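Data first, discussion second: the structure below is written as structure tokens.
The values are calculated or read from the model by the stated rules, or taken from the named source; none is laboratory data. Predicted model only: the values in this text are computed from it and were never measured. No Cβ is skipped: glycine too gets one built from the backbone with ideal geometry, and neighbour counts run over all protein chains shown. Heads up: the accessible areas ignore ligands, DNA and RNA and are worked out on the full protein's heavy atoms, side chains in. Shrake-Rupley method; radii C 1.70, N 1.55, O 1.52, S 1.80 Å.
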Amino acid sequence: MLRDSNDKISRRKLLKMGGAGAFAVIGAALLHPSTLFGKSTLVADKHDIHKAMKGQLHEGMKHGYVPSNDATEGFKAAQKALTAFDYGKVSKLPDGRTLREYEITAYENEVQIAKGIKFPGWTFNGTIPGPTIRCTEGDVLRIHFGNATSHPHSIHFHGMHPTNMDGLEAVNAGDTFTYEFEAKPAGMHVYHCHVAPLARHIHKGLYGNFIIDPKKPRASAREFSMVMNGFDLDLDGENEIYTVNGYAFAYQQEPIKVQVGELVRIYLSNLTEFDLINSFHLHANFFNYYATGADPEARPQFTDTIMQCQGERGILEIVFPSAGKYMFHAHQSEFAELGWMGFFIAE
């Protein structure tokens, strides 16, 4: 059966809908698949979804989606991800080097990405993004990986390591594998599943930030971890919701509090699938940007907007000169209006 080319949930249709009402319609479909879905939440009849939303359309969203004030589980997870750094279980090797051991398990579970919407994700340790792994250059990392899903998965770490630790070999359902390597080089990195089809495994949520601190510590700062991503709700290869740390408008609902004059450091990465780039724009201020962050002494880019392709990452260092509410968001307007928007409050 041929379908009309407009017969789908597009992000543009979401922007024409009544914000929370639009999310509620899709959320109801995802939470109660018998209403709009066939045998699985993974396969949608886009024609039925389109009909269900048709009555919600109006002249357009003038100010974007108004975020919920509810402290949902997804909102709490995004708030936690902002400052949760996993340093592993620390011990010393006979040669005196630091050994850090991590436990990472792949699961299939629903993850709340906005009020009323749960995404059928593939996750590392139950969250999208996965835990932020942190260590110091020269540490020996031992990552115990277990696959508790019904699909093969792996972990590919960006950085330098032996090729047999590169995560190209799939770990089958129910199996385990231990990755072990020396952490290098210092900088801001990411990790993700590297099993084909890559677009599906990454989009479904198998990724996270991977920070290797330099041996000479960076200047003291208030630090945050941010992963930019998107969610394709109807499997048409186009995202309908964009987030930082997995929950739409998390930092608009509760702005990030900072102090005037203090150094704020953001470890930022882009794991968005189906869009060529994502971006970060800060209002009313500039920041220093260190691409990949490998050299703390490098001359940074001084700007208010940066772009990242998928897998690209960097370190932002910001000082807020005066008290106030500073907006930050993607500088693709659709991304911002569909979830990728927040505020800093400098006090």
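I'm trying to understand the selection: among the residues of region 74-108, which are outside any strand (DSSP E or B) and within 16 Å of the chain's Cα centre (by Cα)?
74, 75, 76, 77, 78, 79, 80, 81, 82, 83, 84
Taking residue 294 and the conditions (1) of a type outside the set (Val, Ile, Thr); (2) closer than 25 Å to residue 212 by Cα; (3) in a strand (DSSP E or B), which numbered condition does it fall short on, given that it satisfies the others?
In the conditions (1) of a type outside the set (Val, Ile, Thr); (2) closer than 25 Å to residue 212 by Cα; (3) in a strand (DSSP E or B), residue 294 misses (3) alone.
Scan 117, 143 and give me the residue that is farther than 21 Å from residue 266 by Cβ and modelled with pLDDT of 95 or more. Break it down stepwise before answering.
Numbers: 117 fails: modelled with pLDDT of 95 or more.
Result of the check over 117, 143: 143.
Mind checking which residues of region 167-188 are within 17 Å of residue 106 (Cα to Cα) and open to solvent by less than 60 Å² (accessible area, probe 1.4 Å)? Write out each step before concluding.
Taking region 167-188 and keeping what is within 17 Å of residue 106 (Cα to Cα), we get 167-179.
Hits for region 167-188 are 167, 170, 171, 173, 178, 179.
Assess whether residue 124 counts as being of a type in the set (A, V, I, L, M, F, W, C) and either open to solvent by less than 40 Å² (accessible area, probe 1.4 Å) or within 21 Å of residue 230 (Cβ to Cβ) (or both).
Yes, satisfied.
Take residue 279 and decide whether it is in contact (Cβ under 8 Å) with a residue 40 or more places away in the chain and within 14 Å of residue 225 (Cα to Cα). Outline the logic, then answer.
Numbers: in contact (Cβ under 8 Å) with a residue 40 or more places away in the chain: yes; within 14 Å of residue 225 (Cα to Cα): no.
Considered against the rule, which asks whether it is in contact (Cβ under 8 Å) with a residue 40 or more places away in the chain and within 14 Å of residue 225 (Cα to Cα), residue 279 comes out as no.
Residues of region 259-276 being over 9 Å from the mean Cα position of the chain (by Cα) and assigned to a loop (DSSP other than H, G, I, E, B), which ones?
Residues satisfying the conditions are 259, 260, 261, 262, 273, 274, 275, 276.
Write out, first by first residue and then by second, each pair whose Cβ atoms fall under 7 Å of each other, whose residues are 6+ apart or on separate chains, and whose first residue, in region 206-223, is in a loop (DSSP other than H, G, I, E, B) while the second is surrounded by fewer than 20 Cβ atoms within 10 Å (Cβ to Cβ) and among the polar types (S, T, N, Q).
Once the first residue is in a loop (DSSP other than H, G, I, E, B) and sits in region 206-223, its partners that are surrounded by fewer than 20 Cβ atoms within 10 Å (Cβ to Cβ) and among the polar types (S, T, N, Q) give 215/136.
Taking residue 146 as the residue in question, decide whether it is touching a residue at least 24 places away in the same chain (Cβ under 8 Å) and either touching a helix residue (DSSP H, G or I) at 6+ places or on another chain (Cβ under 6 Å) or on the phi < 0 side of the Ramachandran plot (or both).
yes
In this structure, does residue 151 turn out to be part of a loop (DSSP other than H, G, I, E, B) and either out of contact with any Cys (no Cβ under 9 Å at 6 or more places or on another chain) or surrounded by 15 or more Cβ atoms within 10 Å (Cβ to Cβ) (or both)?
Yes: the conditions hold for residue 151.
Filter region 328-347 down to residues that are closer than 16 Å to residue 258 by Cβ and open to solvent by 40 Å² or more (accessible area, probe 1.4 Å) and give me whichever is nearest to the chain's Cα centre (by Cα).
Within region 328-347, the match that is nearest to the chain's Cα centre (by Cα) is 345.
Can you tell me which of (1) of a type in the set (A, V, I, L, M, F, W, C); (2) over 19 Å from the mean Cα position of the chain (by Cα); (3) open to solvent by 10 Å² or more (accessible area, probe 1.4 Å) is the one residue 309 doesn't meet?
Condition not satisfied by residue 309: (2).
Any chance you could count how many residues in region 231-274 are small (Gly, Ala, Ser), under 25 Å from residue 309 (Cβ atoms) and either touching a His at 6+ places or on another chain (Cβ under 8 Å) or surrounded by fewer than 17 Cβ atoms within 10 Å (Cβ to Cβ) (or both)?
Looking only at that region, the number is 1.
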